[in-house]
Structure formats: C-alpha cells, structure tokens
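Enquirer: Let me begin by handing over the structure; questions about it come next.
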Amino acid sequence: KRRVANMRELETEIKTLLEAKNTDIDYLQDVNSRVERYDMGGKLVEEFRQHMRAVIAADRGAHARRKKQQEEERKRQEAAAKKKQQEELERQARAKAEAEAKTAELKAEKEKLRQQLQQLETRAKKAETDAEQARLDGKSKLREQSNSLKALEDEIARLEEENRDLRDTVNRLEHDAEEQARAMESLREKNNSLTTQLGELKLEKDRVEMQNQTQERPRGST
C-alpha cells in the first residue's frame, strides 16, 4: 500500500511538472530516479521522459551556447585584459619616461640652483672681503687723513711762528728805521751846524790872515 501510495504521489508530481514545463534538470533527474526505483511505465512516464530528454537536449544546446559565450567572453576578457595590460604597460612606460624626464629636469634645476647658490656664496664672500678691505682701507685712509691733518696743523703752527718772527722783525726794522731816521736828522742838523761853524771859522781864518798880512808889510818896509 505504501508503494502504491508513493507511485500515486509520483504520478501527481509528474503531471504537475509537465504542466509547469519544469526545466530544472536536477529535479527532473531526481524524479526519474524515483520512477526507475518503482519501475513505473505507461504513457505519463514516457511523456515525462520525452520532456526530460528535451530539457537535457535543450540544456546541452544552451550549455554549448553558454560554453561558446563563455569562451567568447573569456577571449574577450583576455583580449581586454591584454589590451588593458598593454595600455597599463604603455602608461607605465609613459609615466616612467615622464618621471625620468622630470627627474632629469629636477636634477638640472637642482644643479642650476646649486650653481646659483655657489655664485651667491662667492659673491657674499667677495662682498664680505670687500667690506673688510673697505673697512681696513677706511681705517688706513682715516689714519692718513689724521696724519695729514696733524702735518697741516704742524705746518700751520710753524708758519704762524714764522709769521710772528717776521712780524717781530718788521716791527724791529720799522723801529730801527725810525731810530735811523732820527739819527740821520740829528746828523743832518749837526752837519749843518758844523758847516755853519766851518764857514764862520773860514771867515775868521781869512780875516786873521788878512790881518796878519797887513801887519807884516810895515815891518818889511822898515
């Protein structure tokens, strides 16, 4: 009875799946294994097996199509992957080339900056040296100017001393000239006085001589 009941349930299940046109191969194969277990036959079982074969055949076709599609998809994906890989390699090559170019550019810029820095350092050192030299030159020039000023001050003092001496000499000469002028005037006055006295003495001499001559003649006649 249990077997018969199970067979009745299986027939109902087969009718249901045929009406639903069930295409679940795993389910259909499970139903078929139970049909074989109960050794069932008849039109319904034959119809079920035809349906199962058709589903399997269709599934095989679909599987082949799926496999073909999968193969095509695989090839497409491989081609896409290769293309992507090639593009990635090209991108990496471009990036590498750009990086190398950028590195070379940065190195050149770094070298340029290094040279500029070196030039600035050289100029700074030169400016520092020039400043130190200018400071030393300034001190030397200041020393020279100070020495020159001292020499000028000494020269001015000497000239002032000479000027005082000359002024004293002039004053002395002027004083001596006045003295000489007074002495010459006195001498002129003495000379005039002596000349007058001399004239008077000559007149007195002439007078005395005339007197002497007058007195000598009578004695000669006597």
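The values are calculated or read from the model by the stated rules, or taken from the named source; none is laboratory data. Nothing here was measured: the structure is a model prediction, and the numbers come from that model. Methodologically, a virtual Cβ is constructed for each residue, glycine included, from the backbone with ideal geometry; neighbour enumeration extends over all protein chains shown. Only protein heavy atoms, including side chains, enter the accessible area calculation; ligands, DNA and RNA are left aside. Shrake-Rupley method; radii C 1.70, N 1.55, O 1.52, S 1.80 Å.
Enquirer: Would you say Met40 is modelled with pLDDT of 95 or more and among the hydrophobic types (A, V, I, L, M, F, W, C)?
Expert: Considered against the rule, which asks whether it is modelled with pLDDT of 95 or more and among the hydrophobic types (A, V, I, L, M, F, W, C), Met40 comes out as no.
Enquirer: Among the candidates Gln115, Gln69, single out the residue that is modelled with pLDDT of 90 or more and either open to solvent by 80 Å² or more (accessible area, probe 1.4 Å) or of a type outside the set (Asp, Glu) (or both).
Expert: When all the criteria are applied, what remains is Gln115.
Enquirer: Separate question: Cβ-Cβ distance below 8 Å, separation of 6 or more or different chains: which pairs start in the stretch 112-126 with a residue that is of a type in the set (Ser, Thr, Tyr) and end on one that is part of a helix (DSSP H, G or I) and surrounded by 10 or more Cβ atoms within 10 Å (Cβ to Cβ)?
Expert: Close Cβ pairs satisfying both conditions: none exist.
Enquirer: Just for the stretch 18-42: of the residues that are closer than 22 Å to Arg3 by Cβ and polar (S, T, N, Q), which one is least open to solvent (accessible area, probe 1.4 Å)?
Expert: In this case the residue turns out to be Asn32.
Enquirer: I've got another one for you. Which count do you get for residues in the stretch 16-40 that are part of a helix (DSSP H, G or I) and either in contact with a His (Cβ under 7 Å, 6 or more places away or on another chain) or of a type outside the set (Lys, Arg) (or both)?
Expert: Final tally of qualifying residues: 16.
Enquirer: While we're on this one: Charged (D, E, K, R) and more than 46 Å from the chain's Cα centre (by Cα), is that true of Glu88?
Expert: No: the conditions fail for Glu88.
Enquirer: Could you look through the stretch 1-10, keep only residues that are in a helix (DSSP H, G or I) and not hydrophobic (A, V, I, L, M, F, W, C), and pick out the one that is nearest to the chain's Cα centre (by Cα)?
Expert: This residue is Glu9.
Enquirer: Look at Asp59 and say whether it is assigned to a helix (DSSP H, G or I) and either touching a helix residue (DSSP H, G or I) at 6+ places or on another chain (Cβ under 6 Å) or among the hydrophobic types (A, V, I, L, M, F, W, C) (or both).
Expert: Yes.
Enquirer: Given the conditions (1) farther than 30 Å from Tyr27 by Cβ; (2) at pLDDT below 85, and given that Glu98 satisfies all but one, which numbered condition is not satisfied?
Expert: Status for Glu98: all satisfied but (2).
Enquirer: Of the conditions (1) among the acidic types (Asp, Glu); (2) part of a helix (DSSP H, G or I); (3) open to solvent by 70 Å² or more (accessible area, probe 1.4 Å), Glu13 fails just one. Which one is it?
Expert: Single failed check for Glu13: (3).
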